[in-house]
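The structure under discussion appears below in the form of structure tokens.
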Amino acid sequence: MIKLVIFDADETLWAAYGYWASLLVPPLKRVSDNEIRDSEGKSIRLFDGVRQTLESLKNKGVLISLVSMNDREPNRVAECLELFGLSHYFIYPQVNWDDKGQNILRIIELLRKNEGKIIKCEEVLFVDDHLSNISKAIKACPGIKALHIGTDISQVTEVINHI
């Protein structure tokens, strides 16, 4: 049974149009429910169904987190999540340039240490758009279930079918 779903951000939760959230230039502004623009006109567009998927996971009692390879400071990923009104869904998000497998283990450890929740690798589902990140997650956390956007699923909404 899946107890924790961990998402990537860029090109998984939102379209970043070939760049990372770290490259957005402040101030960032929410221009619609699903779009954020920076001061240079670059935009991040939330994929359809992301809000509903996160809410559905939450309602099922599944914990949700995030690992994203972006600058830790300033944390544009956190800023985008806040502007989209999604930050409350994610527990112990990891935004840095560290190996995603190690970040997944860090989330599991933080849940154990701070929340008293014991989660095994087999109870984690990781969703990413890069196969190399999925390989690193499987190596670091044997037994983890992983979904590659583009191969295993075409969009985040399909995650619900794998819980």
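A few notes on this one:
- Choice from His148, His130, His88 with maximal GNM fluctuation in the chain (Cα, 10 Å cutoff): His88
- When cysteine pairs in the chain are screened for C-beta atoms closer than 4.7 angstrom, the residues that find no partner are Cys80.
- Using 0.36 nm per residue and subtracting the Cα-Cα separation, the extra length available between Val31 and Ser132 on full extension is 33.0 nm.
- Charge dipole of the chain (Cα centre as origin; +1 on each Lys and Arg Cβ, -1 on each Asp and Glu Cβ, all else neutral): 480 debye, rounded to the nearest 20.
- Rg to Rh, two decimals, where the stretch 3-62 supplies the alpha carbon set and Rh follows Kirkwood: 1.04
- GNM on the chain, alpha-carbon springs under 10 angstrom: the most fluctuating residue among Val77, Val25, Val50 is Val25.
- Dipole-positive endmost among Gly116, Asn96, Thr53 within the chain (Cβ charges, Cα centre): Gly116
- Take every DSSP beta bridge whose two residues both sit in the chain; close to 30 percent of them are antiparallel.
- Charge dipole (the chain, unit charges on Cβ, about Cα centre) - positive-most of Leu86, Ala9, Ile64: Ile64
- GNM top mover of Thr151, Thr12, Thr53 - the chain, alpha-carbon springs below 10 Å: Thr151
- Extension gain, His88-Gln52: 0.36 nm per intervening residue step, less the Cα-Cα distance, totals 11.6 nm.
- The C-alpha atoms of the stretch 20-156 occupy a region whose extents along the principal axes are 42, 34, 31 Å, arranged from largest to smallest.
FYI, it's all coordinate maths here, none of it is from the lab. The model shown is predicted, which means the values in this text are computed figures rather than measured ones. Please note: Cβ atoms are built from the backbone with ideal geometry, for glycine as well, and neighbour counts cover all protein chains shown.
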